[in-house]
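Notes follow the structure.
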Amino acid sequence: AMAMGRAIVRNPKVFLMDEPLSNLDAKLRVQMRVEIAKLHKDLDATIIYVTHDQTEAMTLGTRIIVMKDGVVQQVDSPKNLYDKPANLFVAGFMGSPQMNFINCEVEKQGDDIMLHIGQARTYIKVPADQAKALVDGGYVGKQVIMGIRPEDIHDEESFIEMSPDSKFETEIKIYELLGAEVRLHFDIEGFECAAKVNARTDARVGDEVTMAMDVNKIHIFDKDTEEVITN
């Protein structure tokens, strides 16, 4: 804080901050994050801010550069990085807990494009615009990686009833109560996954449950290049 104060009084046009909050405890980090956001607004100056903490990047950044091994992966707004990641690394880096990744095969069934998961009869029907991207890219009959964020997997009966093309059955392995929400952990055909659901959920460890994905929020990645095919 002292170093930041000394920098501010000199009224520079650009601030360079290299992990300024990394040595603070969790509660103080949150408080200081808010103070830095206020400073950014009040000073109306450019701040170049380096962090390994994606929450800091998402909450403080207006434009984020995601780097891996010294190579720029994507430059975008926090919302676009979250909603439209350019590749598997960006998709897994932004968001906590991270996006679920599931290997599946693209299959054509009549006019529909389906993602076939594992050996069992678990199929997710792909929305029309994403189906077109898979067909145009020559992915029918090939393996791809599907990504779905924990908050886009639902266990409310009303949602499941409206989503017959994306429902699946599983057993709850871990139940985590986080106050306003519950985090459920389970497998989908051997792939470890998590869902963020309402704290009112009845699901508990050992329960066999039906859940459904929001197919409008799935991301599909090329298995070899790890680049996004469609968001």
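Structure values in brief
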| read-out | value |
| --- | --- |
| Per-region count, the stretch 101-121, residues of a type in the set (Lys, Arg) and part of a strand (DSSP E or B) | 1 |
| Lone unmet requirement of (1) within 15 Å of the chain's Cα centre (by Cα); (2) part of a loop (DSSP other than H, G, I, E, B); (3) of a type outside the set (A, V, I, L, M) for Asn80 | (2) |
| In the stretch 93-121, residue modelled with the lowest pLDDT [restricted to those that are more than 25 Å from Ile47 (Cα to Cα) and under 12 Å from the mean Cα position of the chain (by Cα)] | Pro97 |
| Residues being among the hydrophobic types (A, V, I, L, M, F, W, C) and open to solvent by 60 Å² or more (accessible area, probe 1.4 Å) - total across the stretch 28-42 | 3 |
| Residues of the stretch 1-27 satisfying the condition of being open to solvent by 70 Å² or more (accessible area, probe 1.4 Å) and either in a helix (DSSP H, G or I) or among the aromatic types (Phe, Trp, Tyr) (or both) | Met2, Arg6, Val9, Ala26, Lys27 |
| Residues satisfying the stated conditions in the stretch 217-229, i.e. open to solvent by less than 20 Å² (accessible area, probe 1.4 Å) and of a type in the set (Val, Ile, Thr) | Ile218, Ile220 |
| Qualifying positions in the stretch 163-189 - over 18 Å from Ile117 (Cα atoms) and either surrounded by fewer than 14 Cβ atoms within 10 Å (Cβ to Cβ) or hydroxyl-bearing (Ser, Thr, Tyr) (or both) | Ile174, Tyr175, Glu176, Leu177, Leu178, Gly179, Ala180 |
| Test for Ala133: is it at pLDDT 95 or above and either among the charged types (D, E, K, R) or closer than 25 Å to Gln109 by Cα (or both) | yes |
| Residue match in the stretch 150-161 (condition: surrounded by 15 or more Cβ atoms within 10 Å (Cβ to Cβ) and among the small types (Gly, Ala, Ser)) | no |
| Search result, residues across the stretch 83-100 that are in contact with a helix residue (DSSP H, G or I) (Cβ under 7 Å, 6 or more places away or on another chain) and surrounded by 15 or more Cβ atoms within 10 Å (Cβ to Cβ) | Pro85, Val90, Phe93, Met94, Gly95, Pro97, Gln98, Met99, Asn100 |
| Entirely in the stretch 122-186, the strands (runs of 3 or more DSSP E) that have 1 or more residues that are under 14 Å from His219 (Cβ atoms) | 122-125, 143-148 |
| Matching residues in the stretch 54-77 - criterion: being farther than 30 Å from Gly118 by Cβ and part of a helix (DSSP H, G or I) | Thr55, Glu56, Ala57, Met58, Thr59, Leu60 |
| Scan of the stretch 190-216 for residues that are outside any strand (DSSP E or B) and surrounded by 17 or more Cβ atoms within 10 Å (Cβ to Cβ), ordered by number | Thr201, Ala203, Val215 |
| Residue count, the stretch 83-100 (criterion: part of a strand (DSSP E or B) and in contact with an Asp or Glu (Cβ under 6 Å, 6 or more places away or on another chain)) | 1 |
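The values are calculated or read from the model by the stated rules, or taken from the named source; none is laboratory data. Predicted, not measured: the structure shown is a model, and the values here were computed from it. A quick note on method: Cβ atoms are made from the backbone with ideal geometry, for glycine too, and the neighbour counts reach across all protein chains shown. Surface accessibility is based on the protein's heavy atoms, side chains included, excluding ligands, DNA and RNA. Shrake-Rupley method; radii C 1.70, N 1.55, O 1.52, S 1.80 Å.
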